[in-house]
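Here's the structure, in structure tokens; my notes come after.
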Amino acid sequence: MEFTARQIADYINGDIEGNPEVKVSSFSKIEEGKPGSLSFLSNPKYSKYIYESNADIILINKDFVPEFPVKATLIRVENAYESLAKLLTLAEQANQRKTGISLQAFISETAEIGQGAYIEPFVYIGENVSIGENASIYSSASIAENVKIGDNVTIYAGVKIYKDCFIGNNCTLHAGVVVGSDGFGFASSSDGIYNKIPQTGNVVIEDNVEIGANTTVDRATLGSTIIRKGVKIDNLVQIAHNVEIGENTVIAAQTGISGSTKVGKNCIIAGQAGLAGHLHIADKTIIAAQSGIPNSVKNSGEILMGYPAIALRDFQRSSIVFKKLPDLQKLVYELKRQINEQKDLSQNKNNE
Amino acid sequence: MEFTARQIADYINGDIEGNPEVKVSSFSKIEEGKPGSLSFLSNPKYSKYIYESNADIILINKDFVPEFPVKATLIRVENAYESLAKLLTLAEQANQRKTGISLQAFISETAEIGQGAYIEPFVYIGENVSIGENASIYSSASIAENVKIGDNVTIYAGVKIYKDCFIGNNCTLHAGVVVGSDGFGFASSSDGIYNKIPQTGNVVIEDNVEIGANTTVDRATLGSTIIRKGVKIDNLVQIAHNVEIGENTVIAAQTGISGSTKVGKNCIIAGQAGLAGHLHIADKTIIAAQSGIPNSVKNSGEILMGYPAIALRDFQRSSIVFKKLPDLQKLVYELKRQINEQKDLSQNKNNE
Amino acid sequence: MEFTARQIADYINGDIEGNPEVKVSSFSKIEEGKPGSLSFLSNPKYSKYIYESNADIILINKDFVPEFPVKATLIRVENAYESLAKLLTLAEQANQRKTGISLQAFISETAEIGQGAYIEPFVYIGENVSIGENASIYSSASIAENVKIGDNVTIYAGVKIYKDCFIGNNCTLHAGVVVGSDGFGFASSSDGIYNKIPQTGNVVIEDNVEIGANTTVDRATLGSTIIRKGVKIDNLVQIAHNVEIGENTVIAAQTGISGSTKVGKNCIIAGQAGLAGHLHIADKTIIAAQSGIPNSVKNSGEILMGYPAIALRDFQRSSIVFKKLPDLQKLVYELKRQINEQKDLSQNKNNE
């Protein structure tokens, strides 16, 4: 399908600079901008590409001031990235969802599946499972007994959901996600042997949650591990037993959150961060990549970094000194030498 | 099923404080303690909840001294967490194991499977595989040729075991675990191209091992990667080729152990730690979260932390100074200024 | 099959020391060296084992000088590890590849599969997929619509490839790998809710790439995430959307590379490293384990370590001082005391 700059600007409420009749039929990155495509500029790092781009339409932020002439028709919007998202979503919606249940799937007789489902071969759906409307479940996904799933859920290939877990509406679980595996709970006996603590709880995932590929979410020992609505979790993240993640918190790849820690709402946790167990993390906390969080965070809106983590600014300032530590040490030794010299001098004087 | 406080105290050898006839039929966390349930208090962080809990029975450690009156009947035991484990295990055992082999599983004609097996649809069992008694194997698990597995093993959905590996009795592999994938072995040639070193060994997992979801254990180049009996491994852990993990060692989530490293017995390795290759780690070593271990650990019982790791206490003391490094640097510069001032002064004096 | 030392030396172009007629039929590690086997010594850490090894033939580097007599026949070569690789490869090739397509696989009518394929049960191959010759695809692998795959590819059990991705010739994807999952792209709205940016691009994997178990490679938002030819990636690695990895770069386990970062050719990235987004990493960069890379690397051949990463040598020197920071702090305070003392002294003198 082709759209003119005018049609697009109307849809995203933008202002056109250039030819409003130019047409595009695809998207491209600004550094690869192809004729007949729409591109966007959001991250200033990529500004230099706008002058050479062959894209016919480029979305830009309202406040962008070009330094050189731009060939493309520009559409100015409040937030170019958000407007792009809106257009990509429109394009995605044009692709019709598949429906139909494969005869090569295994679906327990006691399972209930809502209308509009798409279920691929080799999907396993256990006893007393209930799944809402318009589910898309890809090959080799496994949903164990008593799992309850809402409407409009997408479960990619090879997802494994253990028994008794709940998943809300509009959730997406990417390939290889594991939900409801046993928490890591063992009681050590005097002879060094570890005895398993049965993990009898479950996992509750609320509405509008997305979980990235090969991420693991353990079931609670007692009660529930809870992922609140709107949470977005990246790939290869570990969520331990009895953790609770607050609404609209985002967690980047390879982060690990230890048992029973409660993370607040609207937090941002960057990649490879690690949180100790039994903590409370205040709302809107921001945790930098690879940080290790040993203690609870009490005040909302703090920004933390380091191992162990401290205030981001403090960490950055200490890191600058760290780089030059050998020089600092040398200077201290030199001062010591000078002080001793002066001492000797003044002693000699006194002895004169 | 309902049990009285008296029945429970008898089973776990505890002392009752309060009404011995009160009955419970479920478990709950102390902070959610529901009427009709049994709860427990082990971590002192949660002590405050005991006074408001609606649980009817609460397990506590012998030495716990309440500061306020407690409504629930208390059962005092040596170790509340261990006693809870005992009760949860009893409750789990009341759930009968499923048995039966799905016709939708693929089982090679040359495979041998012991009595009492439960095998779900889409399980793949290759040639010459042998599996002991009472195995539970969940959907889409894949067990390649010549794998030998002991009795009472649980293999969750989507576990992949490569050919020629051994797994002992009473082992549990959680969903998505990979056992026996190729070690990361390549020889670089002069033109920068890497040539694969075939990984012709296998993985040997001894008895009573539990491995967490999506953890990977690579096969040896030659010989075996070995996980000794009683080892417990959490989710998303990487065990490289030719590694050996000693008896009853526990490894928390997202830790990585590089090739050919030998970890001793009864070690505790916290989350996201990394061990370099070709190391020997002494028995009972404790490694803190996110630590990077570059060298072998010779003395048993050391506690290490840091990147690179040093003695925990040293790391903690250095970390405290690290936080204030800019102040230290400032002070050093100030001392330098003062010394120069004094020098100038004394020179001036000498010149007078 | 048995081979004499003479036959083996001829094949790998080595020089024999000892009996050229001794025969071996297997491989063993030098520390376990079994009679009738061939072993090798490459890492000097293992030199001590050569004197006791019962292996009948041992490959050694040309420049190795034994300190004691060695029982085994030695074969001296340029690079013992490379020669071992050559022999192991020969042995592997003697194992005939399986062929045949299981009737219990699901293969779309519109898919095209080249000659010589081996496809296990429960493999899912979607619409318009094309796969070259001699593919080996293990159980429960899932290949979605429009995926194009080259010749001689091995796809282990439970690999999941999303739609529209490309995979070149001679690639190996280990069990649980996910290729083409959605990048982690969300635009936050003013109320804290995150709206998904559809990830409409794909993943392109060039020839001779190997990817380790449970590694995830996200599809691009627009355009392609690209893994160039000869790249080797270990287990549990995260490759985010729009990343590009240059030719013959190797990436060890549990490393994460954030969105849109371009890594050069012939780089070596050790385990658990993390790279921020939108960076350019020069060719031949070496990144030490657990390093955090916040900025682009402009000069080829740099070696980096730390969090945040700096030049390896600087990090090591600073780390040595870090260990003794409390002592340094103490010394600074002591110098301050002495300076104040001297000041007081000289003031007193002046006042006298």
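The values are calculated or read from the model by the stated rules, or taken from the named source; none is laboratory data. The shown structure was predicted, so the numbers you read here are calculated from the model rather than taken from an experiment. Methodologically, a virtual Cβ is constructed for each residue, glycine included, from the backbone with ideal geometry; neighbour enumeration extends over all protein chains shown.
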Scope the range C:145-177; condition under 14 Å from C:V204 (Cβ atoms) and either of a type in the set (F, W, Y) or at pLDDT below 95 (or both); matching residues: C:Y162, C:F166
Matching residues, the range B:295-331, being in a helix (DSSP H, G or I), in contact with a Lys or Arg (Cβ under 9 Å, 6 or more places away or on another chain) and within 13 Å of chain A (Cβ to nearest Cβ): B:F315, B:S318, B:L325, B:P326, B:Q329, B:L331
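Quickly run through the range B:106-151 and pick out the residues that are of a type in the set (S, T, Y) and not in a strand (DSSP E or B).
The answer is B:S108, B:T110, B:Y138, B:S139, B:S140.
Okay, residues lined up against (1) under 21 Å from A:V297 (Cβ atoms); (2) modelled with pLDDT of 95 or more; (3) of a type outside the set (S, T, Y):
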| residue | (1), (2), (3) |
| --- | --- |
| A:G183 | no, yes, yes |
| A:D207 | no, yes, yes |
| A:I211 | no, yes, yes |
| A:L236 | no, yes, yes |
| A:T261 | yes, yes, no |
| A:K265 | yes, yes, yes |
Qualifying residues in the range A:178-199 (those that are over 18 Å from B:Q254 (Cβ atoms) and touching a residue at least 24 places away in the same chain (Cβ under 8 Å)) - the one nearest to the other protein chains (Cβ to nearest Cβ): A:I197
Matching entry among B:E120, B:E82, B:E92, B:E109 (being at the interface with chain A (Cβ under 9 Å from one of its Cβ atoms) and over 30 Å from B:R6 (Cβ atoms)): B:E120
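Can we say C:H241 is out of contact with any strand residue (DSSP E or B) (no Cβ under 6 Å at 6 or more places or on another chain), modelled with pLDDT of 95 or more, assigned to a loop (DSSP other than H, G, I, E, B) and more than 10 Å from chain B (Cβ to nearest Cβ)?
So C:H241 does not fit the description; no.
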Filter pass, C:I60 being part of a strand (DSSP E or B) and either closer than 30 Å to C:S139 by Cα or out of contact with any Gly (no Cβ under 6 Å at 6 or more places or on another chain) (or both): yes
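When the residues of the range A:297-318 are filtered to those that are surrounded by fewer than 21 Cβ atoms within 10 Å (Cβ to Cβ) and touching a residue at least 12 places away in the same chain (Cβ under 8 Å), which remaining residue is farthest from A:K284 (Cα to Cα)?
Initially, the range A:297-318 is screened for residues surrounded by fewer than 21 Cβ atoms within 10 Å (Cβ to Cβ), giving A:298-303, A:310-314, A:316-317.
Among the residues that remain, those that are also touching a residue at least 12 places away in the same chain (Cβ under 8 Å) are: A:298-303, A:312.
Details: A:K298: 11, A:N299: 9, A:S300: 6, A:G301: 5, A:E302: 7, A:I303: 9, A:L312: 14 Å.
Here the answer is A:L312.
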Residue within the range A:76-89 that is assigned to a loop (DSSP other than H, G, I, E, B) and modelled with pLDDT under 95 present: yes
Subset of the range A:63-77 [free of Cβ contacts under 8 Å to residues at least 24 places away in the same chain and among the charged types (D, E, K, R)]: A:D63, A:E67, A:K71
Qualifying residue in the range B:324-331 (condition: surrounded by fewer than 21 Cβ atoms within 10 Å (Cβ to Cβ), in the same structural domain as B:G212 (by TED's automatic domain parsing) and at pLDDT 95 or above): no
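Can you name the residue in the range A:56-79 that is within 14 Å of chain C (Cβ to nearest Cβ) and out of contact with any helix residue (DSSP H, G or I) (no Cβ under 8 Å at 6 or more places or on another chain) and, of all such residues, is surrounded by the most Cβ atoms within 10 Å (Cβ to Cβ)?
Looking at residues that are within 14 Å of chain C (Cβ to nearest Cβ) and out of contact with any helix residue (DSSP H, G or I) (no Cβ under 8 Å at 6 or more places or on another chain), I get A:N79.
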Failed item, numbered, when C:I251 is tested on (1) free of Cβ contacts under 8 Å to residues at least 24 places away in the same chain; (2) farther than 29 Å from B:V159 by Cβ; (3) touching a strand residue (DSSP E or B) at 6+ places or on another chain (Cβ under 7 Å); (4) within 12 Å of chain B (Cβ to nearest Cβ): (2)
Positions within the range C:257-294 being in a strand (DSSP E or B) and either under 12 Å from the mean Cα position of the chain (by Cα) or under 18 Å from B:Y307 (Cα atoms) (or both), in sequence order: C:I268, C:I269, C:G274, C:L275, C:I286, C:I287, C:G292, C:I293
Selection status of C:I227, more than 8 Å from chain A (Cβ to nearest Cβ), touching a residue at least 24 places away in the same chain (Cβ under 8 Å) and either of a type in the set (A, V, I, L, M, F, W, C) or more than 21 Å from B:S181 (Cβ to Cβ) (or both): yes
Yes/no for A:S53 being outside any strand (DSSP E or B), in contact (Cβ under 8 Å) with a residue 60 or more places away in the chain and buried (at least 19 other Cβ atoms within 10 Å of the Cβ): no
Criterion: of a type outside the set (S, T, Y), assigned by TED's automatic domain parsing to the domain that holds C:Q272 and at pLDDT 95 or above - qualifying residue of C:I320, C:I287: C:I287
Selection status of A:Y138, in contact with a strand residue (DSSP E or B) (Cβ under 6 Å, 6 or more places away or on another chain), of a type outside the set (A, V, I, L, M) and surrounded by 24 or more Cβ atoms within 10 Å (Cβ to Cβ): no
Single match in B:V217, B:V203 (criterion: part of a strand (DSSP E or B), more than 10 Å from every other protein chain (Cβ to nearest Cβ) and crowded, with 21+ Cβ neighbours inside 10 Å): B:V203
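Given the options A:L173, A:L236, name the one that is within 14 Å of the chain's Cα centre (by Cα) and closer than 30 Å to B:K265 by Cα.
Of the residues listed, the single one that is within 14 Å of the chain's Cα centre (by Cα) and closer than 30 Å to B:K265 by Cα is A:L236.
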Considering residues of the range A:83-114 that are among the aliphatic types (A, V, I, L, M) and under 18 Å from A:I143 (Cβ atoms) only, the residue surrounded by the fewest Cβ atoms within 10 Å (Cβ to Cβ): A:L103
Selection from the range A:152-177 of residues that are part of a loop (DSSP other than H, G, I, E, B), out of contact with any Phe, Trp or Tyr (no Cβ under 6 Å at 6 or more places or on another chain) and more than 10 Å from chain B (Cβ to nearest Cβ): A:N152, A:V153, A:K163, A:D164, A:C165, A:G168, A:N169, A:N170, A:C171
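Rundown of residues vs (1) more than 24 Å from C:G126 (Cβ to Cβ); (2) touching a Ser or Thr at 6+ places or on another chain (Cβ under 7 Å); (3) not assigned by TED's automatic domain parsing to the domain that holds A:Y46, yes/no style:
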| site | (1), (2), (3) |
| --- | --- |
| A:G100 | no, no, yes |
| A:T110 | yes, no, yes |
| A:G114 | no, no, yes |
| A:Y124 | no, yes, yes |
| A:I131 | no, no, yes |
| A:N152 | no, no, yes |
| A:C171 | no, no, yes |
| A:A175 | no, yes, yes |
Inter-residue pairs, beta-carbon under 8 Å, first touching a residue at least 40 places away in the same chain (Cβ under 8 Å) and in the range A:4-16, second assigned to a strand (DSSP E or B) and of a type in the set (D, E), 6+ apart: A:A9/A:D15
Filtered residue count, the range A:1-32, keeping only those that are assigned to a loop (DSSP other than H, G, I, E, B), touching a strand residue (DSSP E or B) at 6+ places or on another chain (Cβ under 9 Å) and of a type in the set (A, V, I, L, M): 2
